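Note sheet for the following structure.
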Amino acid sequence: MQKVLGHVQAHVLRTKATNVAVGVVRHEATTAAAAQPAVKFAATSKEFRERQVRFNIKNEQTKGRPLYLDAQATTPMDPRVLDAMLPYLTNYYGNPHSRTHAYGWESETAVEKAREQVANLIGAETKEIIFTSGATESNNIAVKGVARFYGTKKKHVVTTQTEHKCVLDSCRALENEGFTVTYLPVQTNGIIDLKQLEEALTPETSLVSIMAVNNEIGVKQPIDEIGRLCKSRKVFFHTDAAQAVGKIPMDVNSMNIDLMSISGHKIYGPKGVGALYVRRRPRVRLEPIQSGGGQERGLRSGTVPASLAVGLGAAAELSQQEMEYDKKWIDFLSNRLVDRLSKALTHVIRNGDAVATYNGCLNLSFAYVEGESLLMALKDVALSSGSACTSASLEPSYVLRAIGADEDLAHSSIRFGLGRFTTVEEVDYTADKCIKHVERLREMSPLWEMVQEGIDLKSIQWSQH
């Protein structure tokens, strides 16, 4: 019994001693903490709370449809174009190739008027305009058609590395048929070196195909000089002008263009229609890529959709009338967007030449930010990270790789497409949201933290796993 009582007494004494010791330590710690100023912790906490509120995206809700800033993918149809089309979607439904009754005559008259409107926009003759389903088909007809027609004597084609996919794939198809294709590189500003083009031309060259305005970075190629060079070397010159026609002045005669591709839905017209300009004097011969009833001078068989052709003609006429106004408006919006972003953010790189460019296509890289993450954050604005035709691929843009952009910058690029109907409020909203989310994503990036500390990321030897 005495032994048990002794154990209990020892336990009580030990507990009291421990409590006293803990109390003394806690009292000393509290006193020391009270003596130290708590400013640093409060400041850190306050700063953290401010950033938490500022970068909070949980309560962001998109009401209605997103804003549209992807004019290089497609443009909304101008209501005046729809007005011109409506009669040919309802009452005037005749086949324009039916020559035996009034229904066909009405449609044919409308189609020929549309042909004239498109021709006037680019300074061509009416008979030189061929209606197609769009710029992709026009590019296929031009590249494959000319190469194949002159293929018995000339088997060389020249293009660039930054062309649209349909031109590059057409050239690869020709390579499989035994043609030689030269893919010219571009400089870091996206523009070709004319000396390299001159050196690439040989007596075997039948065609040069170079786009007027790039669909991803908006760079304008020196079409005048290219046309002059091709004419002096007796080589046909084709340009994919889907992003240029109706936006910048294009004249097939002064620019010595032999073939030109046009798209309806890039100039506020309907989708599913385009045109191909084919010079008649001196005559450009080409082999049609589809067989049929021999419509469109035998170059593109198939019934011309009268309503779509009317829409393309109306869009072309409106573009010609409003080109100067549209240019001033888009230049103003583009400069406003760039200024707003560059004042608030550092490490913003414009891809492509800043002067020889169409300002409606603005391609910016936000360093240390993943482009796809930024696109998802900007869910209330319709933007893209490159061409709509290749946006399903997660690979960095081949256009940005061609201009020598680092892979991380190529992955962080966003294309802003401004158009006729874009408003100042939309540009300001997009800029502010972009600034907020770039800052938020950079806050989460360890690379951004290293850059802020002055570490040169290129000097780091990253370990391989």
Legend entry - Filtered residue count, region 108-147, keeping only those that are in a helix (DSSP H, G or I) and within 26 Å of ASN214 (Cα to Cα): 21
Inset, instruction - Scan region 382-413 for residues that are modelled with pLDDT under 95, in contact with a Pro (Cβ under 6 Å, 6 or more places away or on another chain) and open to solvent by 10 Å² or more (accessible area, probe 1.4 Å) and jot them down. - result: GLU407, HIS411
Legend entry - So LYS195, is it under 20 Å from THR162 (Cβ atoms), among the charged types (D, E, K, R) and either touching a Gly at 6+ places or on another chain (Cβ under 6 Å) or surrounded by 18 or more Cβ atoms within 10 Å (Cβ to Cβ) (or both): no
Inset, instruction - Taking the options THR159, THR152, name whichever one is touching a strand residue (DSSP E or B) at 6+ places or on another chain (Cβ under 9 Å), among the hydroxyl-bearing types (Ser, Thr, Tyr) and outside any helix (DSSP H, G or I). - result: THR159
Legend entry - strands (runs of 3 or more DSSP E) completely within region 258-355 that count 3 or more residues being open to solvent by less than 60 Å² (accessible area, probe 1.4 Å): 259-263, 274-278
Legend entry - Odd one out for GLY371, checked against (1) modelled with pLDDT under 90; (2) surrounded by fewer than 17 Cβ atoms within 10 Å (Cβ to Cβ); (3) among the small types (Gly, Ala, Ser); (4) in contact with a Ser or Thr (Cβ under 6 Å, 6 or more places away or on another chain): (2)
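Let's see how each residue does on (1) free of Cβ contacts under 8 Å to residues at least 60 places away in the same chain; (2) touching a Lys or Arg at 6+ places or on another chain (Cβ under 9 Å); (3) not polar (S, T, N, Q):
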| residue | (1), (2), (3) |
| --- | --- |
| VAL143 | no, no, yes |
| LYS153 | yes, no, yes |
| VAL157 | yes, no, yes |
| THR162 | no, no, no |
| GLN187 | no, no, no |
| LEU197 | yes, no, yes |
| VAL219 | no, no, yes |
| PRO222 | no, no, yes |
Inset, instruction - Would you confirm whether any residue within region 307-318 is of a type in the set (S, T, N, Q), at pLDDT 95 or above and within 32 Å of the chain's Cα centre (by Cα)? - result: yes
Inset, instruction - Determine whether TYR93 is more than 26 Å from ASN214 (Cα to Cα), of a type outside the set (S, T, N, Q), assigned by the TED database to the domain that holds GLY227 and not in a helix (DSSP H, G or I). - result: yes
Inset, instruction - State whether one or more residues within region 130-139 are open to solvent by 70 Å² or more (accessible area, probe 1.4 Å), more than 19 Å from MET260 (Cβ to Cβ) and among the hydroxyl-bearing types (Ser, Thr, Tyr). - result: no
Inset, instruction - Look at VAL118 and say whether it is over 20 Å from LEU259 (Cα atoms), touching a residue at least 60 places away in the same chain (Cβ under 8 Å) and open to solvent by less than 10 Å² (accessible area, probe 1.4 Å). - result: no
Legend entry - Residue in region 63-109 that is most open to solvent (accessible area, probe 1.4 Å), counting only those that are under 30 Å from ILE217 (Cβ atoms) and among the hydroxyl-bearing types (Ser, Thr, Tyr): TYR68
Legend entry - Flag for GLU112 being surrounded by fewer than 21 Cβ atoms within 10 Å (Cβ to Cβ), of a type in the set (D, E, K, R) and either farther than 19 Å from GLY302 by Cα or touching a His at 6+ places or on another chain (Cβ under 8 Å) (or both): no
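The values are calculated or read from the model by the stated rules, or taken from the named source; none is laboratory data. These figures come from a predicted structure and were not determined experimentally. Every residue, glycine among them, receives a Cβ derived from its backbone with ideal geometry; neighbour counts consider all protein chains shown. Each accessible area value is taken on the protein alone, full model and side chains, heavy atoms only, with ligands, DNA and RNA left out. Shrake-Rupley method; radii C 1.70, N 1.55, O 1.52, S 1.80 Å.
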